[in-house]
Amino acid sequence: MHLLKMSDLNQSDIERIIQTAERFKSNSDCEKHQGFIANLFFEPSTRTKLSFEMAEKRSGYQTIDFLTESSSVQKGESLYDTVKTVESLGVSAIVIRHPKDRYYKELEESVQVPIINAGDGKGEHPSQCLLDLYTIYEEFGRFNGLNILISGDILHSRVARSNALTLQRLGANITVSGPSFWQDAELGIPYAPIDEVIHKCDVLILLRIQEERHDLKEEQRDYLTSYGLTPEREQQMKTESIIMHPAPVNRGVEIASELVECQRSRIFTQMNNGVYIRMAIIHELLQGGVTNESITKKCSII
Ligand code: CP
């Protein structure tokens, strides 16, 4: 089984992964496994790459690193041949980030070890989505009925796509916001200006402007005051509402710098939860996922 997109997981899979992450977070003595996991990042990453590495090592696996700039990609080797090569070396799983949307299409049938998508172009970012779900669940204990505002560069964001569609599936009320030229009509999620909905949301998910995927620098001028989270807007949020952002954050653009670590910000909590969620994803794919706890624990997430 691969984890390529959030629709690969049904509601009970999502529930089980979150419960496994909770178990790992509350008890750092998780099972240790033998084997190797390769991390193939064809795009820059700090959080996802280091977080997978941490999760792999904490689960007992040894990590195989790959640097595109010193690899045979520079000699023209294709993604397919690179991944088949790494599989031939005997790894247990392969984590891949790649700038091409659905890069995994040419791999999913012919690669026998699990592929974990660490982000495909503007497509999806399932491990980020799962850690965001875990962070929301940790806060509210549910998804059903929550008002969630996703604001920013929706069109170019793989996080927006994974989160909006999955949270909607789990019963949350999703609204998107941000510049109209970065909305994505195909998502089918209602749009509203941030000032019309900020006071109602339980969760505000801010998105980074994906500068590497377009050239709209002029449109970013005055972004914070027009579309971003200013101190004035933060004051309008409900007492219990939280702020999230997948990061890296453009301080002073999507969010006023002083709000990045404010009381209601969960931005660094998301990163911490990312390690446990990635441990849980690895557990799910390599150990079958079903634990005694997940069988016996009463389902309460959906
Ligand atoms: N959130 C996220 O994917 O960050 P990185 O690009 O640093 O991995």
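The values are calculated or read from the model by the stated rules, or taken from the named source; none is laboratory data. These numbers were taken from a predicted model, which means no experiment stands behind them. When we count neighbours, we look across all protein chains shown, and the Cβ atoms used for this are built from the backbone with ideal geometry, even at glycine. Note: areas computed on protein heavy atoms with side chains; ligands, DNA, RNA excluded. Shrake-Rupley method; radii C 1.70, N 1.55, O 1.52, S 1.80 Å.
Descriptive notes on the structure:
- Pairs where the first residue, in segment 42-65, is closer than 21 Å to Glu77 by Cβ and outside the structural domain of Glu87 (by TED's automatic domain parsing) and the second is within 12 Å of the ligand (Cβ to nearest atom) and not hydrophobic (A, V, I, L, M, F, W, C), C-beta under 6 Å, 6+ apart: none
- Unmet criterion (only one of (1) modelled with pLDDT of 95 or more; (2) open to solvent by 20 Å² or more (accessible area, probe 1.4 Å); (3) more than 15 Å from the ligand (Cβ to nearest atom)) for Leu67: (1)
- Scanning segment 41-64 for residues that are more than 15 Å from the ligand (Cβ to nearest atom) and more than 22 Å from Leu89 (Cβ to Cβ) yields a single hit, Arg58.
Every residue, every condition in (1) open to solvent by 10 Å² or more (accessible area, probe 1.4 Å); (2) touching a strand residue (DSSP E or B) at 6+ places or on another chain (Cβ under 9 Å); (3) over 20 Å from Val176 (Cα atoms); (4) at pLDDT 95 or above, yes or no:
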{"site": "Lys105", "(1), (2), (3), (4)": "yes, no, yes, yes"}
{"site": "Val113", "(1), (2), (3), (4)": "yes, yes, yes, yes"}
{"site": "Ile116", "(1), (2), (3), (4)": "no, yes, yes, yes"}
{"site": "Phe140", "(1), (2), (3), (4)": "yes, yes, yes, yes"}
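- Each residue in segment 75-129 was checked for being within 13 Å of the ligand (Cβ to nearest atom) and either in contact with a Cys (Cβ under 6 Å, 6 or more places away or on another chain) or of a type in the set (S, T, N, Q) (or both), and 3 pass.
- Test: residue in segment 166-189 that is touching a residue at least 40 places away in the same chain (Cβ under 8 Å), in a helix (DSSP H, G or I) and either in contact with a His (Cβ under 9 Å, 6 or more places away or on another chain) or open to solvent by less than 20 Å² (accessible area, probe 1.4 Å) (or both): yes
- Hits in segment 142-157 - residues which are in contact with a strand residue (DSSP E or B) (Cβ under 8 Å, 6 or more places away or on another chain) and either modelled with pLDDT of 95 or more or surrounded by fewer than 19 Cβ atoms within 10 Å (Cβ to Cβ) (or both): Gly145, Leu146, Asn147, Ile148, Leu149, Ile150, Ser151
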